[in-house]
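The values are calculated or read from the model by the stated rules, or taken from the named source; none is laboratory data. Note that the structure is predicted; figures quoted are calculated from it, not measured. Cβ: placed from backbone, ideal geometry, glycine included. Neighbour counts: every protein chain shown. Heads up: the accessible areas ignore ligands, DNA and RNA and are worked out on the full protein's heavy atoms, side chains in. Shrake-Rupley method; radii C 1.70, N 1.55, O 1.52, S 1.80 Å.
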Number of protein chains: 2
Amino acid sequence: MSFPDRRKKILNALHQAGSLSVIELSEKLAISPATIRRDLHDIAGEGLLLRTHGGAMKIENPILTGFIEKIGANEVKKEQIGKCAAEHVHDGDIIFMDCGSTVFKMCTYLKTKNNIRVITNSLPILAELIDVPAIQINLIGGELDKHRKAIHGAKAVQHIDSYHAHKAFVGVDGISAENGLTAHTENESAITSAFARNAGEVFLLCDSSKIGKDSYFKFGDLSMIKYLVTDKELNAAQKEGLTGAGLIIVADE
Amino acid sequence: MSFPDRRKKILNALHQAGSLSVIELSEKLAISPATIRRDLHDIAGEGLLLRTHGGAMKIENPILTGFIEKIGANEVKKEQIGKCAAEHVHDGDIIFMDCGSTVFKMCTYLKTKNNIRVITNSLPILAELIDVPAIQINLIGGELDKHRKAIHGAKAVQHIDSYHAHKAFVGVDGISAENGLTAHTENESAITSAFARNAGEVFLLCDSSKIGKDSYFKFGDLSMIKYLVTDKELNAAQKEGLTGAGLIIVADE
DNA sequence: TTATTTTTGATTGCTTTTGGTTATTTTTGA
DNA sequence: TCAAAAATAACCAAAAGCAATCAAAAATAA
């Protein structure tokens, strides 16, 4: 049996039992204690379990290893934007959440809210919020885009059009005073437009690198949006162009 | 056999088994271990599998691991029923798949099909099939039932009603010649009914423990179903009662 | 057809992994 | 605090797996 295989089995067994001794693990997997010790040492190094004398314990809130994304400068910005946007969600709200990494970042900060309802087409958001009892989820139906891990297509748009939400949190690929909102694909933009037209207030989450940039598909003008949630690295000219069009700029201080 | 051919077979075999040794792969595909190693090296370079000492593992979709089905009772019977049902799915089919552990068991055996489209309300099925390139998924939208990890409600029924499939694979909580089909909740039964009325042929997957039993919500009679896929522990009286009502009984031999 | 390139599978030397042994460290109980 | 017991980490040798090399076979091109 290979190491990744054993790792999986060890973590599984630990998750079920809570804690296990080296000997127990060695008998359970039919592996020598020496190898179990080496494995436990390595896995503990990854932060996925807690090594104890004589065995190991599970960690209650393991780091979501699946999300070890490139922690670039943009990640920090996105995190801030997500946090800032989540502050505009109040108990009892019904909100649309678009797919996209910046909107996804809101999830962490939504978990403390009470009695909110999330309507989304994003599988990562669904996965992140499924275990939160105070959040009800309405999943948008339609064709699955496996790559983007989201639902899209005509059926999805139709689904959105049959709901109304207090607020919509959406993303775009480009925004500028000249060309308005732009996206990489028509599919994405159709969903974003649907969210916008069925929500009371529309929040656009967008880090400063996308402001002033245009993507290829032009799908709406700035009046679609009420609030622009972004980071603080926005120069005066950019601000002016956007506020002039009626946008309210919200940024973390 | 050419490389792209082998690549496909290796990835397919890995997807079904989870992990395989070089020797196992070499025997399975009748290719020398040397070639298998070269292939694994290349495919791992593309990021499509995880190379381990002695073999390879499939890459898990970290986002959806929370949706995975937990192990329950009657596993062996359900596995057989799932396999048997999957044999009735042909390349190019469009199928409805209900939530429920028995229908879920079909997934393993669907992975070898080509160009099929699955319309489902089950998150475990979604998680299991999302990485299979030859399967297109249409997810049913609506309210999320966190406990059952499935979508239900009026919106979901409406979604189903806008599609037609060649075959529907459904589950129930009870079936008898006297009371027909019964379910624990109205929500579940509404989905099952919707699948049945929009499919050309309806397959009911049901282990023998549920046959002759009734649950509390009566939602349809036996004429809704064309095939009953079950295990072989069915006595003559049971068989007669059901075939008398027009059901075709299919069982693994 | 013949020449060239590519692919395949066997051989071989090298690396990694594994499980046992032993010295060292940690824990436990007096 | 000390000593006995338990667990660990370090070391080592055997086994398993791997990559590099090379020749034969197959596919492709001239």
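Assuming a ≥ b ≥ c are the square roots of the Cα gyration tensor eigenvalues, decide whether segment B:3-59 counts as rounded (a/c under 1.5), prolate (otherwise, with a/b larger than b/c) or oblate. Since a/c stays below 1.5, the shape of segment B:3-59 is classed as rounded. Label positions at A:LEU50 and B:LYS83, each projected 7 Å from the Cα along the C-beta direction, are separated by 4.3 nm. Using the rule -39500 (n - 2.57) for each DSSP H run of four or more residues, divided by the residues of chain A, the 222 nm mean residue ellipticity is -10500 deg cm²/dmol. Net charge in the neighbourhood of B:ILE94 (other residues with Cβ under 13 Å of its Cβ; Lys, Arg +1, Asp, Glu -1) is -1.
Using only the Cα atoms of segment B:54-145, build the gyration tensor, take square roots of its eigenvalues as a ≥ b ≥ c, and label the shape rounded, prolate or oblate: rounded if a/c is under 1.5, else prolate if a/b is larger than b/c, else oblate. Here segment B:54-145 falls in the rounded category. For A:PRO4, the label point sits 7 Å beyond Cα toward Cβ; its separations from the matching points on the remaining copies run 2.5 nm, from shortest to longest.
What does the charge count around A:ILE191 come to, taking other residues whose C-beta lies under 15 Å from its C-beta (Lys +1, Arg +1, Asp -1, Glu -1)? Each step should come with its number before you reach the end.
Working: positive: A:ARG148, A:LYS149, A:LYS155, A:ARG197; negative: A:ASP98, A:GLU143, A:ASP145, A:ASP161, A:ASP173, A:GLU186, A:GLU188.
Spelling it out: positives minus negatives among the neighbours equals -3.
At a probe radius of 1.4 Å, figure out the B/A buried accessible area, summed over both chains, and give it in Å² to the nearest 100.
Values: alone 12380 and 13140 Å², together 22950 Å².
The buried area between B and A, both sides summed, comes to about 2600 Å².
Over segment B:145-241, Cα pairs under 8 Å with separation of 6+ residues give a relative contact order of 31 percent.
Within segment B:34-125, list the trypsin sites (Lys or Arg not before Pro) lying in a DSSP loop whose Cβ has at most 10 other Cβ atoms in a 10 Å radius. Write out the running numbers ahead of the final one.
Details: sites: B:ARG37, B:ARG38, B:ARG51, B:LYS58, B:LYS70, B:LYS77, B:LYS78, B:LYS83, B:LYS105, B:LYS111, B:LYS113, B:ARG117; in loops: B:LYS70, B:LYS105, B:LYS111, B:LYS113.
Counting only loop positions with at most 10 other Cβ atoms within 10 Å, the trypsin sites (Lys or Arg not before Pro) in segment B:34-125 are B:LYS70.
Stokes-Einstein diffusion for the protein assembly as shown at 20 °C, viscosity 1.002 mPa s, with a Kirkwood radius from C-alpha pairs, works out to 84 µm²/s.
List the trypsin sites (Lys or Arg not before Pro) within segment B:190-253 that fall in a DSSP loop (any state other than H, G, I, E or B) and whose Cβ has at most 11 other Cβ atoms within 10 Å. Intermediate values should be presented prior to the final figure.
On the way: sites: B:ARG197, B:LYS210, B:LYS213, B:LYS218, B:LYS226, B:LYS232, B:LYS239; in loops: B:LYS213, B:LYS226, B:LYS232.
Answer by residue number: B:LYS232.
Between A:ASP42 and A:THR185, the FRET efficiency estimated from the beta carbon spacing at R0 = 41 angstrom works out to 0.50.
Once the piece of chain linking A:LYS8 and A:ILE249 is laid out straight, how much longer is it, given 0.36 nm per residue of separation minus the C-alpha distance between them? Before the final figure, lay out each step's value.
Values: separation 241, 0.36 × 241 = 86.76 nm, distance 4.62 nm.
Additional length available on full extension: 82.1 nm.
Among residues other than A:ALA177 with Cβ under 14 Å from its Cβ, the summed charge is 0 (Lys and Arg +1, Asp and Glu -1). When DSSP beta bridges are restricted to pairs lying wholly in segment A:69-251, around 30% turn out antiparallel. Computed from label points 7 Å out along Cα-Cβ, the spacing between B:THR35 and A:SER223 is 6.6 nm. Say a paramagnetic label sat at a point 7 Å from the Cα of A:GLU240, along Cα to Cβ; which residues of segment A:192-216 have their backbone N under 17 Å from it? Flagged as within label range: A:212. Taking all protein chains into account, the per residue accessible area for the protein assembly as shown stands at 45 Å² (1.4 Å probe). Rounded to whole numbers, the Karplus 3J(HN,Hα) couplings from phi for segment B:138-151 are 10, 8, 7, x, x, 6, 8, 8, 5, 5, 8, 6, 8, 9 Hz, using 6.51 cos²θ - 1.76 cosθ + 1.60 with θ = phi - 60°, and x at Gly and Pro. Between B:PHE96 and B:ILE119, B:LYS167, B:ALA168, B:PHE169, the built amide H atoms are under 5 Å apart, and every one of these is 5 or more places off in sequence or on another chain. With label points defined 7 Å past Cα in the direction of Cβ, position A:ASP42 shows copy-to-copy spacings of 2.8 nm, given to one decimal and shortest first.
Charges were assigned to the Cβ only: +1 to each Lys and Arg, -1 to each Asp and Glu. The resulting dipole of the protein assembly as shown about its Cα centre is roughly 880 debye.
Find the relative contact order for segment B:66-251 and round it to a whole percent, using C-alpha pairs within less than 8 Å whose residues are 6+ positions apart. Value for segment B:66-251: 19 percent. Seen against the Cα atoms of chain B and their longest principal axis, helix B:75-86 is set at about 90 degrees. Is chain A rounded, prolate or oblate when judged by the Cα gyration tensor, a ≥ b ≥ c being the square roots of its eigenvalues, rounded requiring a/c under 1.5 and prolate requiring a/b larger than b/c? Prolate.
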